[in-house]
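Working notes, beginning with the structure itself.
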């Protein structure tokens, strides 16, 4: 008696004249497609940087790995000032140009270890990793300097008219000890997710404080920090940016938040 090994894939291939090399080629194409789909799920189509999903994942990974890799964590949320006015006055294509311009400027203004993202609408986020709050604050306060000259052409090629794009920035820098305490005190099952959401909510509030100051008549980029530990204030006060030419200058303050604008040092 001859036993027959049942192999439905082999039988179908034989019936339709499909060869193994065709299957291998198809398998390779499917893997490429899966990679592209995975990239689409984590990348913002307009600005070609990370999206909100990827931003949230990166923040959780940063908190999860802080003790193992011995670094502190920072978060930045950026809003384009008067973005609706750009869309309503000059049209949505100009609004898209502004979004792309801000994304490119942010990418050029941060380090490779930082993760920029478009978190939705005209909002952007950055996850910062670094050793020591001083270094994280330096990155945060360098950002408004490096992004203070973002322009979009609202005219045409023959008669260009450039519009300056201002940013409202909310941010924080958190050391491992503070984050560790929050993890220990957290009663939620997903401790990392809870702490990540707490940080995002506070930094988002900081960004809206910066935005409200801009609406009240302030010009240029404004930074509002959420400072859960007030002892960081002296560090920030003495922080000099861009070869010592600028220092953070407080323009508003309450129990948790401080508004800053960079002020040139007199020499």
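Is at least one residue of the range 82-89 modelled with pLDDT of 90 or more, within 13 Å of the chain's Cα centre (by Cα) and surrounded by 21 or more Cβ atoms within 10 Å (Cβ to Cβ)? No; the residues of the range 82-89 include none that is modelled with pLDDT of 90 or more, within 13 Å of the chain's Cα centre (by Cα) and surrounded by 21 or more Cβ atoms within 10 Å (Cβ to Cβ). Selection of first residues in the range 55-72 that are touching a residue at least 40 places away in the same chain (Cβ under 8 Å) and in the same structural domain as residue 116 (by TED's automatic domain parsing) and of second residues that are surrounded by fewer than 15 Cβ atoms within 10 Å (Cβ to Cβ) and in a helix (DSSP H, G or I), restricted to Cβ pairs under 6 Å at least 6 apart or on distinct chains, gives an empty result.
A residue that is more than 21 Å from residue 200 (Cα to Cα) and in contact (Cβ under 8 Å) with a residue 60 or more places away in the chain cannot be found anywhere in the range 123-131.
Pick out, from the range 102-165, the strands (runs of 3 or more DSSP E) lying fully within it that include 2 or more residues that are out of contact with any helix residue (DSSP H, G or I) (no Cβ under 6 Å at 6 or more places or on another chain).
Strands (runs of 3 or more DSSP E) meeting the threshold: 123-130, 151-153, 162-164.
The values are calculated or read from the model by the stated rules, or taken from the named source; none is laboratory data. Please read these numbers as outputs of a predicted model, since none were measured by experiment. Please note: Cβ atoms are built from the backbone with ideal geometry, for glycine as well, and neighbour counts cover all protein chains shown.
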